[in-house]
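Asks: Input: one structure, supplied below.
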């Protein structure tokens, strides 16, 4: 499934579906899902995805109710810097979901700067 293309809400919902499916296929039976889209998190938590006409939300509901433990929570946009940086990279290969075995150097730099604000001073 390609994540890119379409309204941002649907793109984020597709990313959630792919992440859930990947975790299920890797047999992770306990999962914490963080998302910076408040509306998407609220819909998932209230069960509104089950009755949605949006296919992506129905798929999220179907995967979410499997026999596993998934904790869904909202994460503020400012705490999601790495994901936002990766989302802005214009590379056709990144329009698909990737499981990174090692972090790219620019991600390490961002994490280090974020964990040590004095580096920026």
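Asks: Among the residues of the stretch 56-70, which ones are out of contact with any helix residue (DSSP H, G or I) (no Cβ under 8 Å at 6 or more places or on another chain) and at pLDDT below 90?
Replies: Residues satisfying the conditions are 62, 65, 67.
Asks: Scan the stretch 24-44 for residues that are more than 11 Å from the chain's Cα centre (by Cα) and either over 19 Å from residue 14 (Cβ atoms) or surrounded by fewer than 11 Cβ atoms within 10 Å (Cβ to Cβ) (or both) and jot them down.
Replies: 25, 26, 27, 28, 29, 30
Asks: Among the numbered criteria (1) more than 14 Å from residue 14 (Cβ to Cβ); (2) touching a residue at least 12 places away in the same chain (Cβ under 8 Å); (3) touching a helix residue (DSSP H, G or I) at 6+ places or on another chain (Cβ under 9 Å), which one does residue 48 miss?
Replies: (2)
Asks: A further question follows. Return the residue satisfying two criteria in turn: it lies in the stretch 74-113 and is in contact with a helix residue (DSSP H, G or I) (Cβ under 8 Å, 6 or more places away or on another chain) and within 23 Å of residue 38 (Cα to Cα), and of such residues it is modelled with the lowest pLDDT.
Replies: Ranking the qualifying residues of the stretch 74-113, first place goes to 97.
The values are calculated or read from the model by the stated rules, or taken from the named source; none is laboratory data. Keep in mind the model is a prediction, meaning the values are calculated, not measured. Note: ideal-geometry Cβ built from the backbone for every residue, glycine included; neighbour counts use all protein chains shown.
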